[in-house]
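Okay, so here's the structure we're looking at.
The values are calculated or read from the model by the stated rules, or taken from the named source; none is laboratory data. For clarity, every value in this text was computed on a predicted model and none was experimentally measured. Don't worry about glycine lacking a Cβ; one is built from the backbone with ideal geometry, like all the others, and counts go over all protein chains shown. These accessible areas exclude ligands, DNA and RNA; they are computed on the full protein's heavy atoms, side chains included. Shrake-Rupley method; radii C 1.70, N 1.55, O 1.52, S 1.80 Å.
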Amino acid sequence: MSALLSRTVSTDSAAPPTAVSDPQGTAAMPVSFEALGRSFSSKAGTHTVLRDVSFDIQAGEIVALLGPSGCGKSTLLRAVAGLDAPSTGTVSIDGTAVSGIDSRCAVAFQEPRLLPWKSIASNVAVGVPSGADAARRRHVVKNLLELVGLSKFAGHRPREISGGMAQRASLARALARNPAVLLLDEPFGALDALTRITMQDLLLDVHAAEPTTVLLVTHDVDEALQLADRIILLGSDGTDTPGCTIVRTVNVPGPRPRDRASSELAGLRSSLLASLGVDGH
Amino acid sequence: MTNLGNPGATGNSVFPTTTEGFSAMGVTTLTPGAPAPGSRPAQVSTNNGSRWSNGWVKLGLGMILPALILLAWQLSTAAGLFSPVQLPSPRAVFEAGTELISRNELFSHVAISTQRVLLGFLAGAALGVSLGALVGLSKIAEVLLGPTIGALRAVPSLAWVPLLILWMKIGEDSKVTLIVIGAFFPVFTTVSLALRHVDKNLVEAARAFGLQGLKLLTTVQLPAVVPAIFSGLRLALAQAWLFLVAAELIASSMGLGFLLTDSQNNGRTDRLLLAIVLLAVLGKATDALLGLAEKWAVRRWS
Ligand SMILES: Nc1ncnc2c1ncn2[C@@H]1O[C@H](COP(=O)(O)OP(=O)(O)OP(=O)(O)O)[C@@H](O)[C@H]1O
Ligand SMILES: [Mg+2]
């Protein structure tokens, strides 16, 4: 992240984030999915995970992906990052189709995936684009660690910190890339309720300072309502065709930050939960 | 002709173990403690809970067996159970050592042998890591090189000796090359196998952050297999000493292996025993040094 914010997890300031603007900052880019499908074949046969996924994300938009476990949310993210090739259809970033690992993306994986033998600071430094000089690298890492509240743990190894802290380190590593497209796979899954809210606010601050395109996988309907411009619900559409596809798209009303207690959001919340098959009462 | 085999019945485990080592050489000699028979218990395990005191206690306990062997040796020779040609007394062996020192010979034997081992070990290990990385990470390289390397590994080490002598003459090159061959295979095998089992998720994450090729290798893949590299290196060091003796027994005018054959030809069992004790001590000492490096490296990269 080149936009380095003064606020940290522990200081709760209402002041707008102070961004250090970066002339080399990557501009947000649009992403579009065209009839994306993914099947895995094994000896047992073909297992279709995703089919007919088509939607567009505007540059700078935050889109949340919701859906039951195993419906292919991570698979979709991997297709955008170029870590996985779709069986059918294409993903394009800024008009060019993704093929192979795409340097315009940065991923925070579902698991932190930190290198166990490197300190937290060095792990975050892995995210800094290779062109940066050492001083800039240190500067970026220091600021990001402060941002996610891990300054005190800069020298620790991943096994010496908690799962939630590791997840924050993984988020910082992705932010260090200052990507055009930020792919977050349940980035706040392992956090306690309070840290989760703090990190959600932090993500919004980062986004306000440097409006990158964000595709966020989550299991948490409230998180999606709080963060996203748009929510895409993946699931089985009720037909006999195997594989999950988009079953619902919801435009979340209102500018961020949103009032967590608003009645409009509450209505949307129970309707989304109903779509997910959870009784919303 | 005096024989190199076990001359007596009693308490002399040094002889048979070493000759076994010789004859088994080139087939399956991948036992970690091979260079130091009898001193196995002194090998400090890679248990990182050991403090200094603990280390000294372990060392002390490990010295019990060698001390007992020495005692049995002393008593049996003092009792006249063996003729001096069969088994000279510890004192005679010690005096053979001081005599060789005073004639300025012992040091050069030890130095040249150590030099050969270190050169061969370093070159073999470097080759083993490089080719092991290539074969372990690249499917194409594995398909192309795997069968050939496997077949070369199947050649018993001693079979190389005549060829190496023919090609390189009886100089340093042929001996060091034989040791390179010996050190190469354990490192190659452990590294190429271990690299196949590096956490796929970590590699994928690193690739997603733009690491590839040599940078990926040095940042993720090699650090992930540091423990395997070191177990390969320790096996390789043991092999290096083994192959040293093979090389020097057959063709040399200096070194501990030469001291062995030369003493055999002159009926100097005291010097022969001296050479064996020196091989045990040198093998054990170099292995212990490598063990220290291993401890440090495993702590650093885990
Ligand atoms: N490499 C693979 N080979 C075979 N099947 C795979 C592979 N990767 C994913 N799958 C299958 O694809 C399906 C979707 O997996 P994915 O990880 O995308 O789910 P998800 O929606 O992210 O689930 P969760 O919410 O639990 O993380 C699963 O049924 C999984 O078995
Ligand atoms: Mg997932």
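Worth a mention:
- When the range A:173-204 is filtered for residues that are of a type in the set (D, E, K, R) and assigned to a helix (DSSP H, G or I), the ones remaining, listed by number, are A:Arg173, A:Arg196, A:Asp201.
- Residue list for the range B:173-207, filter: among the acidic types (Asp, Glu) and either in contact with a helix residue (DSSP H, G or I) (Cβ under 6 Å, 6 or more places away or on another chain) or crowded, with 17+ Cβ neighbours inside 10 Å (or both): B:Glu204
- Residues in the range A:150-172 that are open to solvent by 30 Å² or more (accessible area, probe 1.4 Å) and assigned to a loop (DSSP other than H, G, I, E, B) were compared, and the one that is nearest to ligand 2 (Cβ to nearest atom) is A:Ser162.
- Given (1) of a type in the set (S, T, N, Q); (2) open to solvent by 70 Å² or more (accessible area, probe 1.4 Å); (3) closer than 30 Å to B:Phe188 by Cα, index of the condition B:Ser113 fails: (2)
- Just one of the listed residues (A:Pro112, A:Pro86, A:Pro68, A:Pro129) is under 15 Å from A:Ala174 (Cα atoms), part of a loop (DSSP other than H, G, I, E, B) and within 16 Å of ligand 1 (Cβ to nearest atom), and it is A:Pro112.
- Flag for A:Leu175 being hydrophobic (A, V, I, L, M, F, W, C), touching a strand residue (DSSP E or B) at 6+ places or on another chain (Cβ under 8 Å), crowded, with 21+ Cβ neighbours inside 10 Å and touching a residue at least 12 places away in the same chain (Cβ under 8 Å): yes
- Filtered residues of the range A:83-115 (kept if in contact with a helix residue (DSSP H, G or I) (Cβ under 8 Å, 6 or more places away or on another chain), open to solvent by 30 Å² or more (accessible area, probe 1.4 Å) and away from chain B (no Cβ under 14 Å)): A:Pro86
- Neighbours by Cβ (under 6 Å, 6+ apart or cross-chain): first from the range A:56-79, more than 14 Å from chain B (Cβ to nearest Cβ); second open to solvent by less than 20 Å² (accessible area, probe 1.4 Å) and near ligand 2 (Cβ under 9 Å from one of its atoms): A:Leu65/A:Lys73; A:Leu65/A:Val217; A:Gly67/A:Lys73; A:Lys73/A:Val217
- Residue list for the range A:35-88, restricted to those being among the polar types (S, T, N, Q) and within 16 Å of ligand 2 (Cβ to nearest atom): A:Ser69, A:Ser74, A:Thr75
- Test for A:Ala134: is it surrounded by fewer than 22 Cβ atoms within 10 Å (Cβ to Cβ) and not assigned by TED's automatic domain parsing to the domain that holds A:Leu194: yes
- Screening A:Asn123 against (1) away from ligand 2 (no atom under 16 Å from the Cβ); (2) in contact with a Pro (Cβ under 6 Å, 6 or more places away or on another chain); (3) open to solvent by less than 20 Å² (accessible area, probe 1.4 Å); (4) not in a strand (DSSP E or B) leaves a single unmet condition, (2).
- Scanning the range B:92-104 for residues that are surrounded by fewer than 14 Cβ atoms within 10 Å (Cβ to Cβ) and either of a type in the set (Gly, Ala, Ser) or under 18 Å from B:Gly267 (Cβ atoms) (or both) gives a single hit, B:Ser102.
- Yes/no for A:Glu146 being buried (at least 23 other Cβ atoms within 10 Å of the Cβ), more than 16 Å from ligand 1 (Cβ to nearest atom) and among the acidic types (Asp, Glu): no
For (1) touching a strand residue (DSSP E or B) at 6+ places or on another chain (Cβ under 6 Å); (2) free of Cβ contacts under 8 Å to residues at least 40 places away in the same chain; (3) open to solvent by 30 Å² or more (accessible area, probe 1.4 Å); (4) within 16 Å of ligand 1 (Cβ to nearest atom), each residue gets a yes or a no:
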{"residue": "A:Pro179", "(1), (2), (3), (4)": "yes, no, no, no"}
{"residue": "A:Ala224", "(1), (2), (3), (4)": "yes, no, no, yes"}
{"residue": "A:Arg230", "(1), (2), (3), (4)": "yes, no, yes, no"}
{"residue": "A:Asp259", "(1), (2), (3), (4)": "no, yes, yes, no"}
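- Extreme residue, surrounded by the fewest Cβ atoms within 10 Å (Cβ to Cβ), among residues of the range A:25-44 that are modelled with pLDDT under 90 and within 12 Å of ligand 1 (Cβ to nearest atom): A:Lys43
- Members of the range A:116-138 that are without any contact (Cβ under 8 Å) to a residue 24 or more places away in the chain, away from chain B (no Cβ under 14 Å) and not basic (Lys, Arg): A:Asp133, A:Ala134, A:Ala135
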